[in-house]
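Here's the structure, in structure tokens; my notes come after.
What follows is calculated from the coordinates using simple rules that are stated; it is not laboratory data. Because the structure is a prediction, the values reported are computed rather than measured. As a convention, Cβ positions derive from the backbone with ideal geometry for all residues, glycine included, and neighbour counts pool all protein chains shown.
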Amino acid sequence: MDSVDRRKFLGLVGNAGAVTLASGLIADRADASESSKREDNAHSFGCLVDTTQCVGCRSCEEACNMVNELPKPETSFNDMTVLDEMRRPDASAYTVVNRYYPNPPNVHNELEPVFVKVQCMHCNDPACVSACIVGAMEKTKEGPIIYDPAKCIGCRYCMVACPFQIPAYEYHNSLTPEVRKCNFCFEKYTSTGEWPACARACPREAIVFGTREELLVLARKRIRKHPGRYVNKIFGENEIGGTSWMYLASTDFAKIGFEDMRCEPVPVLSETLQHSVFKYFLPPLALYAVLAVAMFLNKPTPDEEDETESQDAEVKNVHK
Amino acid sequence: MSISSTISEHPVDVHNNHEEEAVEVGVPFFTRGVWVLVALALIGFGFAMYRFLFGLGAVTNLTDQRGWGLWIGIDVATGVALAAGGFTTAALAHIFHRHRYHVITRPALLTALLGYTFVAIGLLVDLGRYYFIWHPILPYYWQGNSVLFEVGICVVFYLTVLYVEFLPIVFERFIGRVNLPGAFAKMNAFADWALRKLSGAVDKVLWIFIILGVVLSCLHQSSLGSLMLIAPTKLNPLWYSSLLPLLFLLSAIATGFPMVVVESMVAARSFKFKPEMHILSNLARMTPVLLGIYLVIKVGDLIYRNALVHVLKFDMAAWSFLGEMFIGVIIPFALLCSKSVRKSHTGLFWASFMIVFGVAWNRANVFIVGFTPPFETETYFPAIGEFAVTIGLISTLILCYRFAVNNFPVFPREIVEEARAAVSK
């Protein structure tokens, strides 16, 4: 699996090279991606999840369920057997905790679990927002990505685009299905700088809320202070252009459910191409002009028409 | 000599001398085959209704990890690709003025028009909030970063262009034959006069729409490929490439003529006339060139990205890739390079069919088979309901095609006379 991911990653690097080349030829790259237009995300809000602190109590799941008025799950939030299998957030659960055993048994012959909370990462340069055909997904200046069902047409391109596979769909709602995902408690709390429900509920303070800048300082401080406890990496600092939610871990992130991700934001390629093709509508207009010229230049004179006809005649003869 | 004089008399007329030659077929609509299609259409309609009543989840196997399935991969993506016959023949006959191909432009235009109409209908079934399908048209909702927005807007414009391009066929059908029912009969002369005026006006501007149709097609055939550029971690490297838009455009262009061949030959069989082999064989002469360009760029891109190693995994995606490439591209390419295959009825049909099938396979690979999200919890295979709706839509499209050629001047007169003779026998 690991080697496959690596190869995929190398493939992507190759692609990025081709794109750089292509876009260098047709447009200046700087004004192509939304991310560069957007002011830097240092002062937008985010969360730091310290997976070394998480004990998998599912309090965050319960708080999320309450505050978003989601349907009650089949078994209570005290039921720890749900951790036996890998779960993904869905239309009725915006966040789930998964358990991993990344390392071989310790000296007491016990496997030490690592718990990882999964929810929308609220990317700095989000693929869902770039993909959405009607602007139903919005990256707020505070950081959270919010969804407006009144705009949504239900095309589900956001789900195709999201590199973290977070947006879920209400497939069984026939009339007003919505895309469902963590909204970072934007309306209730984070729009005014208050902590989101999951972070408030965490008994271990494994989730810390703050500005991205503050969180990065905090994360680096923890890594520096306890080099034995953490690997020297903050997941989400640079991945696909950075995310609002970031993670610390004691072990290789690849072993606890994280993808190896490049630094370039996901939407850069498509946005670069699209904005190059439609720059002042020049390429479509140029194509139109070329075809129009071709149409009038190719207008056959009587002689030429005879020629085509004779070719036709040859073909007809063969056909006989 | 007579042809050349006609041409010089109508220098700007883009659908010139062929105009008088097309007539409606006018044979009985129902045959045994038609009843089968009606049954398939009704089954599809039933499942579509079930979807509207009980939601996408009741009919499809779509999951949170896989928002797009058979309906997007086949009904929409393949539908658009197979409509490419419309703009490729329009370019050939009207822009590059290869007049001998005029006789195929109308059937190709009709296929494109119906193809795009059914893309829109297929989309309606697939959209969660289908009643908001008009949102992307309003500037309030415009989202210029979205590739899907470009696709959507282009489809709207191109669909309009296709209907405008079809107008002369409608005018031709009714001019001189206006016969309004009952009390409206008094209006016949006025209606005829209005149609003639309108027809004259449309004829004058038609060339604008014909070029526009080609430009719009190029734009959104390619942007359909750009759709997947945003999912680099999900699409298999055998297909994920920054050249996807170019590859989609080239494969659509290469499929245009084979699609016309397949459609003409199926229509010939259905209406019992001899296909216009001298035109179709000639048309097929260009296919190896167009398909060859696609093949070279596709393989070159795979080599440049070192992506061919993924074939050696021999997993589902690899086999599907090999099938697409050999059955859909390489074998028909080789076949159509041979003159005797192009001249042979069977050879031409099957080689062209392989290309049509191959482009469908490619679109299915990009949107379904090769789309493997890393966190997928269950594998996707389309549900019976999804197949039923897709088959139902295709059946309805064929029925509409039959109705249209039966009632509008689409096919050339000599063919139609053959078809009528076959029926009266």
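The figures follow:
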{"quantity": "DSSP H segments from chain B that extend 18 Å or more along their own axis, Cα-based, with Kyte-Doolittle mean of 0.0 or above", "calculated": "B:32-54, B:102-126, B:147-174, B:188-226, B:244-271, B:287-304, B:345-364, B:384-407"}
{"quantity": "Most to least packed among B:65-72, B:221-228, B:310-317, A:197-204 [average Cβ atoms within 10 Å]", "calculated": "B:221-228, B:65-72, A:197-204, B:310-317"}
{"quantity": "Averaged over B:224-230, number of beta-carbon atoms from partner chains that fall within 10 Å", "calculated": "6"}
{"quantity": "Convex hull of segment B:17-105 built on C-alpha atoms - directionally averaged projected area, nm²", "calculated": "9.3 nm²"}
{"quantity": "Chain B: most fluctuating residue of B:104, B:211, B:253 per GNM, C-alpha cutoff 10 Å", "calculated": "B:211"}
{"quantity": "Candidates per GluC sites (Glu not before Pro) in segment A:151-254, loop by DSSP, up to 11 other Cβ within 10 Å", "calculated": "A:187, A:205"}
{"quantity": "Whole-number percent relative contact order across chain B, with pairs defined as alpha carbons under 8 Å at least 6 apart", "calculated": "33 percent"}
{"quantity": "Where trypsin sites (Lys or Arg not before Pro) fall in DSSP loop in segment B:148-251, at most 13 other Cβ within 10 Å", "calculated": "B:177"}
{"quantity": "Cleavage-rule hits (GluC sites (Glu not before Pro)) in segment A:46-143: DSSP loop, at most 11 neighbouring Cβ within 10 angstrom", "calculated": "A:69, A:74, A:85, A:110"}
{"quantity": "Value at 222 nm in deg cm²/dmol, rounded to 500, when DSSP H runs of n ≥ 4 in the protein assembly as shown each add -39,500 (n - 2.57)", "calculated": "-16500 deg cm²/dmol"}
{"quantity": "Inter-chain Cβ neighbour average for residues A:289-299, partner chain, 10 Å", "calculated": "5"}
{"quantity": "Solvent-free Debye scattering, log10 I(q)/I(0), computed from the Cα coordinates of the protein assembly as shown at q = 0.07, 0.09, 0.11 Å⁻¹", "calculated": "-0.56, -0.86, -1.19"}
{"quantity": "Cβ-derived FRET efficiency at R0 25 Å, residue B:421 paired with residue B:331, nearest 0.05", "calculated": "0.10"}
{"quantity": "Average beta carbon contacts from partner chains per residue of B:149-155, 10 Å cutoff", "calculated": "3"}
{"quantity": "Sum of side-chain charges, residue B:287 neighbourhood, beta-carbon under 15 Å (Lys, Arg +1; Asp, Glu -1)", "calculated": "+4"}
{"quantity": "Ranked by how many other beta carbons lie within 10 Å on average, peptides A:92-101, B:92-101, B:237-246 from highest", "calculated": "B:237-246, B:92-101, A:92-101"}
